[in-house]
1. Give the calculated FRET efficiency between Thr318 and Lys211 to the nearest 0.05, with a Förster radius of 30 Å applied to their Cβ-Cβ distance.
2. Hey, could you grab the Kirkwood Rh for region 1-144? Inverse mean 1/r over distinct alpha carbon pairs, Å, one decimal.
3. What residue among Thr252, Thr69, Thr274 has the largest mean-square fluctuation in a Gaussian network model of the chain, using Cα springs under 10 Å?
4. Find the accessible area per residue for region 249-298; the probe is 1.4 Å, ligands and nucleic acids are left out, and the unit is Å².
5. Suppose we keep just the alpha-carbon trace of region 268-344; what are its Rg and Dmax in angstrom?
6. Do the sum for the chain: with -39,500 (n - 2.57) for every DSSP H run of n ≥ 4, divided by all residues, what is the mean residue ellipticity at 222 nm, to the nearest 500 deg cm²/dmol?
7. Quick check on the chain: what does the Kirkwood estimate of hydrodynamic radius come out to from the alpha carbon pairs, in Å?
8. Against the longest principal axis of the chain, how steep is helix 151-164, in degrees 0 to 90 to the nearest 10, with axes from Cα atoms?
Amino acid sequence: MKAVQVTGYGDVDQLKVTDIPTPDPRENEVLVQVKSCAINNTEIWMREGAYGQGGKSGWRPEGVQFPRTPGSDISGKVVQIGSQVDDTMLDKDVVLFPFTSSGPEGQEHIAEDMSFIGSEYDGGYAEYVVWPAELCFDMPLDDYTESCVFSVSGITAWHMVEQVQPKPGETVIVTGANGGVGSLNVQIASKVFGADVIALVGNLNLEEHMKELGAKHVLSYKSKNLEEEILSANGGPVDIVLDVVGDALFSTSLSVLKKGGKFCTSGSSGGQKTELDFRTLYLKHITMYGSVLGTREEFKRMLRAISEHKIKPVIDRTFPLEEAKEAQKYFKKAGKKGKLVLIP
């Protein structure tokens with residue numbers, strides 16, 4: 001089968017289009033013909049070594065083993081089943097829950113043996129992938145490309161919002177609101193939880209689009225008066241910040257939070273290290289959350305909301321699998337409107 005593999009740490013030249021054997025499913029697994037695979041920061045940062053290198057490069061102590069087929073946002077059709085898998089799985093259109101873990105229900109994402117598809121396992125930059133049958137769920141929409149964009153970004157965004165539990169009448173700031181996680185944060189916070197959302201983007205040409213997703217106000221993070229604009233738009237401090245940017249907006253985020261406010265981060269595209277005056281935390285009684293991925297039950301709740309059209313896919317572009325290098329280069333450009341998807 002055709003696949004794109006990462007051969008080591010470095011730039012996009014480490015991505016190689018190759019032919020490798022089609023994997024055989026073990027007794028509890030299924031073979032999925034990949035129809036679409038969306039791109040995430042995770043596989044790019046893994047390739048670049050941003051998570052570390054060697055034994056620090058992946059979710060497991062031994063690190064990522066190269067060559068590795070990346071890709072974790074996967075939709076496809078089950079074309080072969082293992083000996084212990086129910087026959088009803090054959091020919092199902094599915095999306096893949098993106099990691100394995102021995103953690104108990106509700107704590108799967110924080111188990112020490114959590115292992116990620118596309119990092120510890122070969123993933124969806126390929127024509128076929130094997131995965132445990134119990135981690136393959138019915139596709140929430142009729143379209144493969146639209147269904148694939150939710151697995152990692154979606155469960156990350158859903159878990160972020162569930163942690164902070166916004167209520168109707170509360171205001172939530174979403175940073176990086178035009179990205180994969182950010183655009184879903186806007187939708188989930190506003191259309192599922194009923195909160196008012198202030199979306200922060202780089203280009204105000206996206207204002208109408210962000211309001212269609214559920215944002216009440218859209219502001220540019222490039223503004224020299226961003227803090228004043230946020231306070232003016234909301235009529236005072238905000239209740240919650242959902243952040244994927246990190247350092248670039250950290251100081252502003254804490255400044256505009258009300259006393260007793262909540263700050264949740266799941267990314268740091270604008271800088272992975274920052275300065276913090278602890279007095280800001282304790283004098284304002286701010287609660288901080290670190291967040292990545294989520295639980296199976298959250299995944300199911302998210303898929304239900306998608307199937308009910310409370311959350312819709314936001315897709316910027318699609319690329320053929322062979323153009324994975326170009327797709328990852330494009331991914332790093334500012335101003336995208338949603339997800340990028342590879343089509344085998």
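1. E(calc), rounded to 0.05, equals 0.75.
2. About 15.5 Å, per the Kirkwood formula over Cα pairs.
3. Thr274
4. 55 Å²
5. 18.4, 53
6. -7000 deg cm²/dmol
7. Averaging 1/r across every pair of different Cα atoms and inverting gives 20.4 Å.
8. 40 degrees
The values are calculated or read from the model by the stated rules, or taken from the named source; none is laboratory data. Treat the numbers as computed from the prediction; the structure is a model and nothing was measured. When we count neighbours, we look across all protein chains shown, and the Cβ atoms used for this are built from the backbone with ideal geometry, even at glycine. Areas reflect the complete protein model, heavy atoms only, side chains present, ligands, DNA and RNA absent. Shrake-Rupley method; radii C 1.70, N 1.55, O 1.52, S 1.80 Å.
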